[in-house]
1. Do you know which of the residues in segment 104-155 that are polar (S, T, N, Q) and without any contact (Cβ under 8 Å) to a residue 60 or more places away in the chain is farthest from residue 26 (Cα to Cα)?
2. Just one of (1) acidic (Asp, Glu); (2) touching a residue at least 40 places away in the same chain (Cβ under 8 Å); (3) under 20 Å from residue 13 (Cβ atoms) trips up residue 64, so point out which.
3. Taking strands (runs of 3 or more DSSP E) that fall entirely within segment 65-156, which contain at least 2 residues that are surrounded by 20 or more Cβ atoms within 10 Å (Cβ to Cβ)?
4. Is there a residue being in contact (Cβ under 8 Å) with a residue 12 or more places away in the chain, in contact with a helix residue (DSSP H, G or I) (Cβ under 6 Å, 6 or more places away or on another chain), surrounded by fewer than 18 Cβ atoms within 10 Å (Cβ to Cβ) and not charged (D, E, K, R) anywhere in segment 13-20?
5. Could you please find all residues in segment 18-47 being of a type in the set (Val, Ile, Thr) and under 13 Å from the mean Cα position of the chain (by Cα)?
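The values are calculated or read from the model by the stated rules, or taken from the named source; none is laboratory data. Please read these numbers as outputs of a predicted model, since none were measured by experiment. Cβ atoms come from the backbone with ideal geometry, glycine included; neighbour counts cover every protein chain shown.
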Amino acid sequence: MALEVGQQAPDFTLKSTGDQDQVRLSDSKGKNVILLFFPFAFSPVCTDELCGVSDNFSEFADLDADVMAVSVDSPFANRAFAEAENIRIPLLSDFNKDVSEKYGVLYDLGDFKGVAKRSAFIIDKNGVIQYAWSSDDPKQVPDFNEIKNRLAELNT
């Protein structure tokens, strides 16, 4: 079961495609974080979702939020994905599946065992989950307008 609103977000350190080789969630303390989980690099829905978030990153930055996305793909696959699709948000490799399991979003997708569910969390400046969404349908994406509205509420 996925973590819920009001729970403390588990800290983690994962390999990143961003400016830093590794990202630690607790390094974002003092900022809101949008934490996205996605099933597979290079899949059509994941590509659309992450390119859309990357292309509209300034909207999230204007709401004082960092965005990062996690998959169980290797750091090499994530880097190739980010470069091929010009994705500018950090893609984090949860290759050992520890973080996906801690967040309650690890599941079996058909023949694929241990994949991250498409999920979205907003973690506030104190590390508390303020929004939690997860779907067993890998084709369903989060409602990013709902995420933006929740971020706006957190900033008032």
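1. Residue satisfying both the conditions and the ranking: 140.
2. Condition (3) is where residue 64 drops out.
3. Once the strands (runs of 3 or more DSSP E) in segment 65-156 are filtered for at least 2 residues that are surrounded by 20 or more Cβ atoms within 10 Å (Cβ to Cβ), what remains is 65-71, 91-93, 112-116, 118-123, 129-135.
4. no
5. 23, 33, 34 - these are the residues of segment 18-47 that are of a type in the set (Val, Ile, Thr) and under 13 Å from the mean Cα position of the chain (by Cα).
So that you can scan it fast, the table gives a plain yes or no per residue for (1) over 27 Å from residue 83 (Cα atoms); (2) assigned to a helix (DSSP H, G or I); (3) modelled with pLDDT under 95:
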{"position": "2", "(1), (2), (3)": "yes, no, yes"}
{"position": "10", "(1), (2), (3)": "yes, no, no"}
{"position": "15", "(1), (2), (3)": "no, no, no"}
{"position": "42", "(1), (2), (3)": "no, no, no"}
